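Encoded as structure tokens, the structure appears first; notes follow it.
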Amino acid sequence: MAARRAIDFALGAERDQLGDETMGFLTDEVKRITEEYPRVPLSEIWEDLAKAQDEAFRLLESGRARPSQSRDLHFMATVLSFLMAKGSHDMGDSKVAMAQARAAGFCAKQTEHPGLVALVDGLKSLISYWANRPEDALHYARHGAAGNRRLRGTVSVWLPSLEARAAALLGDEEAVRSTNQRAENLREQVVPDDLDALGGLLTFPEIKQLYYAVESEVLLGHGDAQIVDRAETAVRGFSDPDDPAWAFGDQAGARCNLALVRLYSGDLDGTADAVRPVLDLAPSLRNNGIVVSAERVRAALGRGPARDAVVARDLRTEIEMYQPPRPALPR
């Protein structure tokens, strides 16, 4: 609270001018919130995120920014709008999420930063994917890649990985194979950029790429020994909360994928073990993507020879009650 009061005081003192302290405070907030977003409950950072976005917009609308400051402000407004979009998506409101993403897209174009523009296309693909609009998800991922072929940051790998997941929802196995291979090839050419330096959701580490690749195989219904091994590797990769690549949502998603590949291979007890930590997550961490992933496990438990087993029935009942909180957060 004291830190927030100090920030508000400094911003108020420079309200008639755009000084170094104002820019510095906003830059620090962007870095902090970006790093914390995938690691803490949304309720812990939402108010600060909304305030920072509002401050960035206010400073841009004031007309007092110098050209260099204007570009920096648009950069920060893009990142903050990106995170606001992700937050709305995590609360299950894809329409508000897409509106925030479009605001991020407008700001990104003002920066003339190809990586940032591509990042927003990736975000739109992600929102569409989890909203079960695979055609839109495919379109946005391809649009981002086609318009920014010279990218070398990890966003260049994220886009084909998003495309592969969308293709998997559509059952296009050939597209899944080719796009995952393209992502592997692009990984070898990565040169980390300023977005990767910010971290959080703005970078796409190798372990997250593996998680996406496994998910695309899961969506195609595959569960052979090789896929099981890769799914277990992905879960291990998200086992250390101190790792910069760790994110509670990716950890839960990787566990749901492992549960599914074990189920496909006939290992019902292994399925239960894999999904248990997800079901034990605190309600404040159960975002939309996690709930959808858990629901995929529930649906699969209702099919095939395992559906009448006691373990399968109990898990289906538990997952059916697994709902995220709907916090009264400012939109």
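The values are calculated or read from the model by the stated rules, or taken from the named source; none is laboratory data. If you're wondering where the values come from, they're calculated on a predicted model, not measured in any experiment. Methodologically, a virtual Cβ is constructed for each residue, glycine included, from the backbone with ideal geometry; neighbour enumeration extends over all protein chains shown.
Taking only pairs six or more apart or across chains, which ones have beta-carbon atoms under 9 Å, a first residue in the range 167-187 that is farther than 18 Å from His143 by Cα and free of Cβ contacts under 8 Å to residues at least 40 places away in the same chain, and a second residue that is in a helix (DSSP H, G or I) and among the charged types (D, E, K, R)?
That search, which allows pairs on different chains as well, returns Arg187/Glu206.
Hey, can you tell me all the residues within the range 115-140 that are more than 14 Å from the chain's Cα centre (by Cα) and assigned to a helix (DSSP H, G or I)?
Correct list: Gly115, Leu116, Val117, Ala118, Pro134, Glu135, Asp136, Leu138, His139, Tyr140.
Is at least one residue of the range 57-71 free of Cβ contacts under 8 Å to residues at least 40 places away in the same chain, buried (at least 21 other Cβ atoms within 10 Å of the Cβ), in a helix (DSSP H, G or I) and not basic (Lys, Arg)?
no
Wholly within the range 227-311, which helices (runs of 4 or more DSSP H) include no fewer than the required count, namely at least 2 residues that are buried (at least 18 other Cβ atoms within 10 Å of the Cβ) and either on the phi > 0 side of the Ramachandran plot or among the polar types (S, T, N, Q) (or both)?
By residue number, 248-264, 288-301.
Among (1) in contact with a Lys or Arg (Cβ under 9 Å, 6 or more places away or on another chain); (2) surrounded by fewer than 22 Cβ atoms within 10 Å (Cβ to Cβ), where does Glu163 come up short?
Answer for Glu163: the failing condition is (2).
Going by what's in this entry, would Asn148 be described as out of contact with any Asp or Glu (no Cβ under 9 Å at 6 or more places or on another chain) and either modelled with pLDDT under 95 or farther than 30 Å from Glu44 by Cα (or both)?
no
Would you check which residues across the range 153-187 are among the aliphatic types (A, V, I, L, M) and over 15 Å from the mean Cα position of the chain (by Cα) and list them?
Restricting attention to the range 153-187, the residues satisfying the condition of being among the aliphatic types (A, V, I, L, M) are 155, 157, 159, 162, 164, 166-170, 175-176, 183, 186.
Answer for the range 153-187, where residues must be among the aliphatic types (A, V, I, L, M) and over 15 Å from the mean Cα position of the chain (by Cα): Ala164, Ala167, Ala168, Leu169, Leu170, Ala175, Val176, Ala183, Leu186.
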